[in-house]
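Let me begin by presenting the structure, written as structure tokens, before commenting on it.
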Amino acid sequence: MSEKTLIDPPTTATTPPPIGPVRTGGSFSRAASATGSRVLPIVLAIVGILIVWYAVSYLLLSESRRFLLPPPHQVFTETLGNPQVITPMLAALGQTTGVALIGLAIAVVLGMGWAILMSQWRIAERVLYPYAVILQTIPILALTPLIGIWMGYGIPARIVVCVIIAIFPMISNTLFGLQSAEPSAHDLFTLNKASRWQRLTKLQLPAALPAIFTGLRNAAGLSVIGAIVGDFFFQQGSQGIGGLLRTYTLRLNMESLFLAIIFTAIFGVIVFSVFAALDRAIVGRLFGWKNR
């Protein structure tokens, strides 16, 4: 070996690290772009509704008939600034919110229990599932007189209507989720001699979570409809937003009627959006679904 080799050992060329600031704005710009892509359609939809509203009010209706569809600025100026209108409307909206949440909670508990019972025994599914279908297919307006006679015309009757409307999505989605576990996973539990309770809590319920949250999201929207329908027909006790809708309709108080309709629409959207976000947060975190 030569002296030069001993003195000068071989060296490997290394690439120096890049010099300069590291750009971290990519994720922020993507988040801003995603937010804008979600907000922009909503803004455009609201603008389109206002344009159509003004066009119908001023172009299609004569001045003598404009009270049937007052323009938006008239609706807001004559109601939002009037405490005699906005105060009872907010109180009624709070009453309806309470009825909707209580009805939703009862529908979730009963619906999941119903589905779990059907998933464990085939005979229970054959006996109970037709009744769930009947609850879904019978028009609620056909049941309201009977509910009023049995339950009275107060808040309990409103809750019953809310439960009847909201329970079917919980039953059907929970049952579908419980039955969607992989057969190979069932075989593994059978080999390990798992009990029925272990199979339910450690296999079927975790597998059913996405379907359960889908049913919860749908039931939340239906509970709002049920609460408003119950308010509309059962008006003993504290008045809900549905009762105000009926009162404003009978009095042809169009400005207050349109504001109540807007409040109910916003209320329904908020409830659905909250449970949809809960669905994405919980199920997305557990199952790694980023685009759920």
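Some observations on this one:
- Highest-first packing order for the peptide set 63-74, 258-269 is 258-269, 63-74, based on the mean count of other beta carbon atoms within 10 Å.
- As a rough guide to protection, the peptides 227-239, 120-132 ranked by mean Cβ packing within 10 Å, highest first, stand as 227-239, 120-132.
- Between L101 and S184, the FRET efficiency estimated from the beta carbon spacing at R0 = 45 angstrom works out to 0.65.
- Surface exposure of the range 116-197, expressed per residue as accessible area with a 1.4 Å probe, stands at 59 Å².
- Segment R65-L44, length gained on full extension (0.36 nm per residue, minus Cα span): 4.7 nm
- Ordering 80-92, 148-160 by mean Cβ neighbour count within 10 Å, with the highest value first, yields 148-160, 80-92.
- I86-M151 FRET efficiency (beta carbon distance; Förster radius 30 Å; 0.05 resolution): 0.45
- Net length available on complete extension from I261 to R122 is 45.6 nm, with 0.36 nm assigned per residue and the Cα-Cα distance removed.
The values are calculated or read from the model by the stated rules, or taken from the named source; none is laboratory data. Please read all numbers here as calculations on a predicted model, not as lab measurements. Positions of Cβ are generated from backbone atoms using ideal geometry, with glycine treated the same way; all protein chains shown enter the neighbour counts. Quick note on the areas: whole protein, heavy atoms, side chains included, nothing else; ligands and nucleic acids left out. Shrake-Rupley method; radii C 1.70, N 1.55, O 1.52, S 1.80 Å.
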